Amino acid sequence: MPVNVFVPLLVVAVLVAIGAGFGAAFLLLRRRQGEGTSALELKAQAVLSESETQAKEKLLEAKEEAVQIRTAAEQEAREYRAQSQQIEKRLLQKEENLDRKGEDLNRRERELGNKEKGLDEVRAQLDDSVRQQEKELQRVANMTRQEASGILMAQVEQELRNEVARKVRESELAARDESERRAREIVTESIQRIAADQTAEVSVSVLPLPTDELKGRIIGKEGRNIRALQQATGIDLIVDDTPEAVIISGFDPVRREVARVALNKLIVDGRIHPARIEEIVAKSRVEVLQRVKEEGEAAVLEVGLQGLHPEVVRHLGILRFRTSYGQQVLNHSKEVAYLAAMMAAEIGADVRIAKLSGLLHDIGKAIDHEVEGSHAVIGADLLQRHGVPAPVVHAVRAHHYDEEPHSIEALLLIAADAISAARPGARRESLEAYVKRLEKLEEIANSFQGVQQSYAIQAGREVRILVKPEQIDDTAAQLMARDIAKRIESELSFPGQIRVTVVRETRAVEYAK
């Protein structure tokens, strides 16, 4: 309640209380008039005095309370006015900000409108310019828009084909860079999946037994005989898989031959015990090493290349007990020597270097299970240490492109090696399967559009395709070679790899008259 209303009401209440006090005193005086005037007057005065005192006190209290209420109300009013002023100030600021934003929006709207008008004008000008250019192009080129679109699409298609060919080439180069690592992974996986046949071929010998009863004697009491044999030869013996036969397993062909000879002698002798085993193995080792030496000397004598270092001859003899895809390596080496020598004689190259390179090109296979690296590099290092001429060392190192060949003899060795390995029957491939593979290669190549003629050459190691130059361009030839290679991989089974060569030739002929 406002202070200016509350104070008069308080004064009225005090006055009413005073009046009520006087009224009560007057009534009391009237009631006791018979009791005596003086006593009544005294009492009346006392009552009046007390009423006046109480009224004054009430009035003072009311005034003090009114002052306090008024002070609090004024303080509250001041705070309210301050808050109102702040709110009003903020509202004014917001209103100003809104006004400014509204002005900015209006200005931007005007600018956007002007820009849109300008863009419409520019767009209209561009449309006119495009139409004029189209008319001018049609007039100059003498073709319609549809014809120009067709030419443009043909150009884009050609660019895309070139880009695809470039990407294919880049992918092939990247794959070639990764070939070393990937080859090892592939070989490892292949060994795990299909190594059984090939491992048996290069690491297993079979010794027939007259009867299965001999297996017990070979094993001996608690296996002491077979343990003594394995320890003396370094070769594993398997006596319980194949009936009437002992499997001799090991990667070293000389040790495997020693074990075979020793076990054969023990069976013939009949005395099979650890002491006798050690004696027979020692004798068999001497015998096999002598045979190795004789085989090497016989090979050198057969091809007419005497004068080689004894270690080279010994390693050459070890190849007698090594096979590759079923082909005996020593016989293969002699065959390559003859082929390389004949080709060298035909073209006027050094016959002795070619023949010596052919005979020794696979000598690294005699120790490739002991030394890390490819057999070509291992063999070249071995020959270099024992004074073999440098051209021969280079040819041996380069015959599988571990080094780039830079001599005629090295190239002849590569050709002779391929011929010997690829001839029908050299590596356990029947003539019928060989002929069918050649026919299938040519059939796959001829099935592609634009092929004029195809030839399977190098005993099926390469297929050469002649294409029609007016139908197949250089880019299409690259893609065709890749597609043919993919089909060969998916439809044929073949050893090694097959090279696909697409030949596109353009000739211009004119006669002078």
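Any residue at all in segment 371-379 that's at pLDDT 85 or above, open to solvent by 10 Å² or more (accessible area, probe 1.4 Å), among the hydrophobic types (A, V, I, L, M, F, W, C) and not in a helix (DSSP H, G or I)?
no
Exactly one of (1) touching an Asp or Glu at 6+ places or on another chain (Cβ under 9 Å); (2) outside any helix (DSSP H, G or I); (3) open to solvent by 80 Å² or more (accessible area, probe 1.4 Å) is unmet by R482. Its number?
(2)
Between a first residue in segment 119-141 that is on the phi < 0 side of the Ramachandran plot and a second residue that is open to solvent by 100 Å² or more (accessible area, probe 1.4 Å) and of a type outside the set (D, E), which pairs have beta carbons less than 6 Å apart while being 6 or more apart in sequence or on different chains?
none
Restricting to segment 458-479, and then to whatever is in a loop (DSSP other than H, G, I, E, B) and of a type outside the set (A, V, I, L, M, F, W, C), can you tell me which residue is modelled with the lowest pLDDT?
Let us first name the residues in segment 458-479 that are in a loop (DSSP other than H, G, I, E, B), namely 461, 468-473.
Subsequent filtering for residues that are of a type outside the set (A, V, I, L, M, F, W, C) retains 461, 468-471, 473.
On the way: R461: 78, K468: 89, P469: 87, E470: 86, Q471: 87, D473: 86.
Out of the qualifying residues, it is R461.
For P210, all conditions in the list (1) surrounded by fewer than 13 Cβ atoms within 10 Å (Cβ to Cβ); (2) within 30 Å of K365 (Cβ to Cβ) hold save one; what is the number of the exception?
Single failed check for P210: (2).
Residues in segment 458-479 that are open to solvent by 90 Å² or more (accessible area, probe 1.4 Å) and within 22 Å of K436 (Cα to Cα): how many?
2
Of the conditions (1) more than 40 Å from the chain's Cα centre (by Cα); (2) modelled with pLDDT under 90, G358 clears all except one; give me its number.
Of the numbered conditions (1) more than 40 Å from the chain's Cα centre (by Cα); (2) modelled with pLDDT under 90, the odd one out for G358 is (2).
Starting from segment 278-298, keep only residues that are among the small types (G, A, S), then list their pairs with residues that are open to solvent by 80 Å² or more (accessible area, probe 1.4 Å) and assigned to a helix (DSSP H, G or I) whose Cβ atoms are within a distance under 7 Å, requiring at least 6 positions of separation or different chains.
Pairs that qualify, where the first residue is among the small types (G, A, S) and the partner is open to solvent by 80 Å² or more (accessible area, probe 1.4 Å) and assigned to a helix (DSSP H, G or I), are G296/R314.
Looking at K513, is it farther than 27 Å from E170 by Cβ and open to solvent by less than 80 Å² (accessible area, probe 1.4 Å)?
Considered against the rule, which asks whether it is farther than 27 Å from E170 by Cβ and open to solvent by less than 80 Å² (accessible area, probe 1.4 Å), K513 comes out as no.
Report yes if S357 is hydroxyl-bearing (S, T, Y), open to solvent by 30 Å² or more (accessible area, probe 1.4 Å) and either in contact (Cβ under 8 Å) with a residue 24 or more places away in the chain or under 13 Å from S333 (Cβ atoms) (or both), otherwise no.
Criteria not met by S357.
The values are calculated or read from the model by the stated rules, or taken from the named source; none is laboratory data. Because the structure is predicted, anything quoted here is derived from the model rather than measured. As a convention, Cβ positions derive from the backbone with ideal geometry for all residues, glycine included, and neighbour counts pool all protein chains shown. Quick note on the areas: whole protein, heavy atoms, side chains included, nothing else; ligands and nucleic acids left out. Shrake-Rupley method; radii C 1.70, N 1.55, O 1.52, S 1.80 Å.
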